[in-house]
Structure formats: structure tokens, C-alpha cells
1. What is the mean projected area of the alpha carbon convex hull for the chain, to one decimal in square nanometres?
2. Averaged per residue, what accessible area in Å² does the chain show with a 1.4 Å probe, protein chains only?
3. Let me check I've understood the local charge: for ASP571, count other residues with C-beta under 9 angstrom from its C-beta, Lys and Arg +1, Asp and Glu -1. What total comes out?
4. Each residue of segment 158-171 in turn: what ³J(HN,Hα) in whole Hz from Karplus with 6.51, -1.76, 1.60 and θ = phi - 60°, glycine and Pro shown as x?
5. How many angstrom lie between the C-alpha centres of segment 630-659 and segment 387-445?
6. Which Cα, out of VAL709, VAL278, ALA630, lies furthest along the positive dipole direction of the chain (beta carbon charges, K/R +1, D/E -1)?
7. Angle, helix 332-344 long axis vs. longest principal axis of the chain, Cα atoms, 0 to 90°, nearest 10?
8. Towards the positive end of the charge dipole of the chain, with charges on Cβ (+1 Lys, Arg; -1 Asp, Glu), say which of PHE176, VAL531, GLN596 has the farthest Cα.
Amino acid sequence: MTTRREFITATAAIAAGSLQDGTAAAAEPWYRRTVRWGQTNITEKDPVRYDIPWWREYWKRTEIQGVIINAGGIVAYYPSKFPLQHRAEFLGNRDLYGELARVAHEDGLTVVARMDSNRTAEDFFKTHPDWFTRDRQGNPYRAADKYITCVNSPYYDEYLPSVLTEIIQRSHPEGFADNSWSGLPRNSICYCANCTRKFHDKTGQALPARQDWNDPVYRQWIEWNYARRTEIWDLNNRATKSAGGPDCLWFGMNSGSVTAQSRAFRDCTAIFGRVEMVFLDHQSRTATGGFEENADTGKLVHGLLGWDKLAPESMAMYQAGRNSFRVASKPAAEARMWMIEGFAGGIQPWWHYVGAYHEDRRMYHTAEPEMKWYAANQQYMLNRRPLASVGVVWSQRNTDFYGHDRAAELVDAPYRGFTESLVRARIPYIPIHVDRIAAEARDLKVLILPNVAAMSDAQCDAVRKFVAGGGALIATGVSSLYNEYGDPRTDYGLADLFGAHFEGKAGAERQWATETQHTYLRLIPELRAKVWGPETGDEPPVTGERSAVLRGFDETDIIPFGGVLVPVRLDQGVTVPLTFVPAFPIYPPETAWMRQPKTDIPGLVLKGRVAFMPADLDRRYSRDSLPDYATVMSNVTRWAAADDIPLQVEGPGLFDCNLYTQPGRVIAHFVNLTATGRMPIDELISVGPLEVNIRLPRGVRGASVKMLVSGARASAGHANGAAQITIPSVLDHEVLVIE
């Protein structure tokens, strides 16, 4: 990680205008100065139709600084000396990769050779059958007509390093990427002779017979596979450095999804903590996530990588995702909003096409405006630090050892639900890895644990120290109920902070999470006796004031729930603003009345500045987007922070708001997400005005304000150490630079 002195030095250079393209930047290694990227993912047909002069002109039009060019692996685009490396069907004797690398270097571009190396054709399998994965019956694992290689075989230890060396000797690329470098995913166990022998040598055990998270041997197998992928990372870098010099680095590729990383045995902490740059293969939003998912990815990755390093991301100009149309143009609004949210989270641009020739030529116009905008403004996009008072905790071990094979529902959904509630409330936040709480959370006011169920004793102690130091805590679901291997504790590991103790059956909530029942949460104290509406005469008397966590609910005594709520026992002196209303019939309508209108089962417990939410409103919000869920979570966050949040934004619309600092300035990035729920979008709607109030950190005077998207200059009012600025309207995004 960069020290504060190094950060100030680097950002001072930015302020002086020496970033990129200048003499100071020329002394930097390529992975620090190559910010903007392009990739034409070559198909086997392209050797006979690749219009190199046209693409060179496109490189210039989009102002890229580096290209990623298919070299070898599954398919070779050069005449390799290795006969089993399959040449592209239409390659003939041509060296298409070499030609592209040469002209890219002539144009002053960085060249990264792209590999895709985890499977081969049948002739390779027949020649080296002991290099390939096997199921329990000894049959080879296959992907379509290809055979999947084993990460514990000489294919990875000997063959691939030799291919990397050959490519370096032929064309001298600056570095390498690899699309499928991590081999067989977690849902399959390889029983080849190499795995059988190496696992026994490491653990003294036979390979697990089946997937069983309760089996200690299966858990050893999980950790052994993670370690092997990290070994491969280091092995490939030794090979490229040996052949190409100390800056010839191998970067693989990594997903922006922690769950996807887990399925591929890619340890985010180990990888992002040891690299000089990250190539993100995270091309588009999912059906369950919004554009803001990309900003979250950037912040999460930089939390481990460091904010002084680059994290370019493959941004598809074609229809990617569940319904992938590889050679059809993605609607421009959809593609650009994904790019913009990446910028907001610290991700660098990288346009990506499949194939070098397209009949749908609309896609060629999509990237250029955003690439040019980024090139003109990248001094404000790089080497900056988040300005936030709220941290949302995440853990890959929680994904594995609690989420198991349902992490999307049990881990991702609570995290996404809470972060989306913060976006809706315009509260800036940063993701915090659970092992970095002590190092990264010192300046935060609030930590949020969104169902971080699997936590070690040391991680629980780090949270305690944060609270003891004056920090506030919000925890949801069954946070801390399990240890780092997913074994249940007899009580929450943080029960002393929660003021609540677990009394249910650990594990039952996993099944409940798939169900939706007609349940509610009751707001305490009840107010309907003082609210206009029909009366029966038995309305409960109003017994006091409601907590600030229920702000905005003055005209209701219930909100819908339908989620998971485990039994707990409470300490004395806690406050319970929400209680559970059990299910009752909904059909026929004549039966839809509460059989048990009130219980003492808590949905939210407040103790000091700690909020424990057994009711999984975060998971429910990610699933149903009910505004009541988000309002409760944002209220709880503001209550925990004592309203000590550096940004306030008033005005219509849905915006993702991110704040950053550089020496002497604040950078505020507002992305307009209004009416972007349906995917793909093909239209943007301008929204405004926005009244922005930003608390200025020490050293920022706030004397000048400029808007990087509209190009306008604005004046700022000042009060109580904050700058007040009006943004007339925002179409896609606006960036304020306040100095």
C-alpha cells in the first residue's frame, strides 16, 4: 500500500500537470502510465479480414494508450513452434498477432498479449492425457469440444511458461493477460493423478469424495486450490520477468464479483495485494445489479490494490451478459453508463469488441466520447482517495464458508441491498475488507456488517476495537454467528456489542432465505391513535417519541417484511424500534387480517451507537426494491453516524454520489441513475437541479468550482466549513472539482 507521503508526492505531480504523456510519466513503468485501453478480441476468421489501417485509426480516434491482442493458448494467432498449440483456422502462415504488436508499438502503444489457456483441442489431450482434469470415474472434463487442463499438471508448470517465453522472444509485449487462467472451477473436483498425489502430499488425505462444506477434508481442498492459483500467478510472473525483464508482468484477469472470484478459486486478498495493476473482466451489469455495481467494484478492488495503481476494466461495446449477442451493438446509453460508473469508482476505460469486422457498425461510435472525456480529465480520475464516513464490510471467506453454493442469496444480496440503500440516500461509502478494518477504518464513523456471518475471533476483536474507539456499528442478519470456517458459535461473536443473544437453530436461516411469507414489522411506539384515519377505539395510546431510525414513517405503524428473522434474547437497556408480526393468510382477501398483531420478537435492536438488525431488510431490498426497506437502512446509517456525513444532496432523481480528495481539492462524482432500472436502456433522462452541500476537508478552500462534464464554472456558497453548489441538471453524470 502507498504511504501518505508517497500519495501526496504522486498527486502533487498530477496537480503540476505531469501525469501521463509527459517527461515525468515517461520514467514510470508501463503499468502506471498506460491508463486507457482497447481490445479487439480476435476470432479465428479475422486473419483474412482484419483491416489493420482502419483499427490503427480507431486507436487514435479513441485516444487509447494500450492494446490487448490475442496471442496464444486455446488458439494461436502466430506461427508457434509448439505443434499442439492450435493455430487459428484461417491463419495460414500469417503472424497476425505479431503484425498487430508491431504496428501498435510503432504507434507508441503498450502491448499486452492476451492468453486463454485452460483448455485445448483433442489432439493435445491424446498426446498428454495426464495433463488433463478427470472426474471421479476417470473421464476427462470438457467444455464443448475442448478438454480442460489441470492446474496441477506440467501444462501449467512447464508448457505455458514456455509459450509465454516464445511470445516474448518473438514480439516483446510489455505484459500478459489471461482470460481463463485459473482452470477448473469450484463446482467440479479433479481426480487426476497429479491432483491425487499433490493433495495427499500436502494434507495426508485422499481427495474429498464429494462437495460437503461440513467435511474438514473438503475445506482443506478449497484452501489448497486457492493456494495453487496464487502459486500459478507467481509462476507465470517469474516466467515473464525471466524472459522479458522486471517490468514484463503477467496479470491474468479477474472478475469484479467476489462470488465469481470464489467459484474460480481466485483469492482477492492474495492477488490484489501483490499486483501492480488489475485487469478486470467485468463487462456489464447483471439482472440483479444496477450500474452502481461497477463503482462499488472499483472501490472494493482499490481497497486492496491501493488507490495509486490502475484497474482497467473490459467494457463491452456488444451485448454482453445473460443474453449475449457477441456481434451486435449494445445500446449506447447502456454501454456508456457502465463506463461512467466505472470512472466513478476509480476504474479505467477499456473498450472491447469481439471480432475485427462487424456488420452492426453502430458500436464503433459508442466508446469514443467517453474515452475522449476521460483523456481530457484523467488527472482528476487517478491517484485520489475516497472521502466517506461509512464503510461496508465484505469477506471472501464469508462468501465461501457461509455462502457455500448459495452466496448470491446469502452474501451478495445483503451486501448489495445495503449499498443500494446508501446510493438511494446519497450517502458515500467505501467497501472495507474484514481483515483491513484496523488499517482502513480509522477515519470512518460507521461500519456496516451486511450478514457477514463467518468471522474469526480476531475479526470480531477488530470490530470491538473500532467501536471502543468511538465508531458506530450496524450489523444485519446473523453477522458473527459463525467462525471463519462456517461452524456455528453458541452465540453471536459480537453479542456483547449487539445487546442480543442468539437463541435459534444455526443454519435454519439458510433455508428461510428462499421463502417469502406474508409478514410485517411493527414500528414502536405506535402512533396511529394520533394519525388521521378510521378509529375503532382500541388504538394503543402513544407512549413516547420514536427513534430517528423510523424517521419518515409517522403515518404508519407497520411496514412489509416477508424475510428472515431469527429468535434472540435481549440484554437490559436496549431499545427495540421494530418488532415482528407473524404471517397470516392473504387468500381469499376475506381472510387477510392479522391473527397475532404484535410480538416481542425484535427486528431491530439499538444499544448505544450499535444497531443490530436481525430482520434481513438488506437482502429483501436487493430482491424487491421496496422503498421502506431502504429508508430504514439509510435512517439507521444516519443515526449511527450522528449525521456526520460529508455530503448532502437535495433534488429529484436517483444518483450515485462518490467523493474523493486530492491535495487541495475535493472531487465529487454524481452519476444519474434515474430511470435506468430496466436493462438495457436506450435513453437517458436529464434531472435537476441538485443542491449540493460538501463538507470541505482541511486544506481545501473551496474558492473555485468547475464542472467537468458540462464545462461550466460555478460559484460556491460557504457555511460551517461546507461548500454549497447548485448543479442545474445532469444527463448522465457530472463531476465537480472544488479547490
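1. 34.2
2. In whole numbers, the chain has 40 Å² accessible per residue.
3. Summing Lys and Arg as +1 and Asp and Glu as -1 gives +1.
4. 10, 5, 4, x, 5, 5, 4, 4, 4, 5, 4, 5, 7, 9
5. Each part's Cα centre sits 16 Å from the other's.
6. After comparing all options, I get VAL278.
7. Result, in degrees: 80.
8. About the Cα centre, the residue reaching furthest to the positive side is PHE176.
The values are calculated or read from the model by the stated rules, or taken from the named source; none is laboratory data. Model, not experiment: these values are computed from the prediction. Backbone-built Cβ (ideal geometry, glycine too); neighbour counts: all protein chains shown. For the accessible areas, the whole protein counts, side chains as well, though only heavy atoms, and no ligand, DNA or RNA atoms are used. Shrake-Rupley method; radii C 1.70, N 1.55, O 1.52, S 1.80 Å.
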